[in-house]
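Structure first, commentary second.
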Amino acid sequence: MAMEMEEFFEASNQPQGCGGNSEQFLSRLSSQLRPYLDAADALKADKSSSAVNYPSIVVIGDQSEGKSTVLEAISGVELPKATSLCTRCPIQLRLREGDEKIEISYGQGSSLHPKKISRNDIAREISIAQEHIVSSSGLEITDETISVLIQTPDGFNLTLIDLPGINRDTSDIEEQTVKIIERYIKSEQTIITVVFKCTTDVKAVKAFQLAKKFDPEGKRTIGVISHCDTLSENWEEAISKLVSSQSGVFIPVA
């Protein structure tokens, strides 16, 4: 692409100020993504250009770190929130500009016959699809993908992917999850978003270790520090200490 990932991340390769709500978070993240999206749109408009690979944001982290909440903040799409439900397979949200259309597909051959749904049904349909995939496979974690196309006239072209959270309690499941994560984050056109709690030692975050394996300089990695509202009044100092030894962009949120 005309603009490489590092060109616009390089200018902001430092911790960002802490914010309280999803609107502030989305504003900060959008400012990081906008140049890349604009470059993709420019190439799309150029009829002489070959097919454009739309930018992807892959959200990774341990279980119950707030990954789905971050994905909601970026996409504006409501996702399953049941406390007993965690992400068990990749969930792909394909945001596109075009005539109004929302479709969900999963399973072999489903991309040829996607199911049309309404925006209000997205969370429910994802839950149904995930339950079907997991029960059919007999596995705790699977790499079978649920794909949701969300096309709107004022939409932007971006693919968001929520991956299963890393489970440290079960080595087999952790190993399966790591393999899925690595497959998605190895592409240099992927923005890696690592979500972790503010009370976590950054050096111990497995998702960051995986991100550094494929992006050692942190040029396409964003750290999202969740649950900042649980910190004391000196949260700015606490956040600064938390990420002082780390390179990359960090966005604290409540």
* Could you list, in sequence order, the residues of the stretch 165-181 that are touching a residue at least 40 places away in the same chain (Cβ under 8 Å) and either closer than 9 Å to residue 140 by Cβ or outside any loop (DSSP other than H, G, I, E, B) (or both)? -> 166, 167, 180, 181
* To do: Read through the list (1) surrounded by 15 or more Cβ atoms within 10 Å (Cβ to Cβ); (2) part of a loop (DSSP other than H, G, I, E, B); (3) of a type outside the set (Val, Ile, Thr); (4) out of contact with any strand residue (DSSP E or B) (no Cβ under 8 Å at 6 or more places or on another chain), then give the number of the only condition that residue 156 fails.
  => (4)
* To do: Answer yes or no as to whether residue 143 is without any contact (Cβ under 8 Å) to a residue 60 or more places away in the chain, more than 26 Å from residue 182 (Cβ to Cβ) and surrounded by fewer than 18 Cβ atoms within 10 Å (Cβ to Cβ).
  => no
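Identify, from the list 65, 125, the residue that is at pLDDT below 90 and among the acidic types (Asp, Glu).
65
Residues checked against (1) under 12 Å from the mean Cα position of the chain (by Cα); (2) surrounded by fewer than 16 Cβ atoms within 10 Å (Cβ to Cβ):
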{"position": "150", "(1), (2)": "no, no"}
{"position": "180", "(1), (2)": "no, no"}
{"position": "189", "(1), (2)": "no, yes"}
{"position": "195", "(1), (2)": "yes, no"}
{"position": "204", "(1), (2)": "no, yes"}
{"position": "215", "(1), (2)": "no, no"}
{"position": "219", "(1), (2)": "no, no"}
{"position": "223", "(1), (2)": "yes, no"}
* Asked: Looking at (1) modelled with pLDDT under 85; (2) within 12 Å of residue 62 (Cβ to Cβ); (3) surrounded by 14 or more Cβ atoms within 10 Å (Cβ to Cβ), which is the one condition that is false for residue 208?
  -> (1)
* Say whether the condition of being under 15 Å from residue 90 (Cβ atoms), assigned to a loop (DSSP other than H, G, I, E, B), touching a Pro at 6+ places or on another chain (Cβ under 6 Å) and not acidic (Asp, Glu) is met by at least one residue in the stretch 123-140. => no
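The values are calculated or read from the model by the stated rules, or taken from the named source; none is laboratory data. These figures come from a predicted structure and were not determined experimentally. No Cβ is skipped: glycine too gets one built from the backbone with ideal geometry, and neighbour counts run over all protein chains shown.
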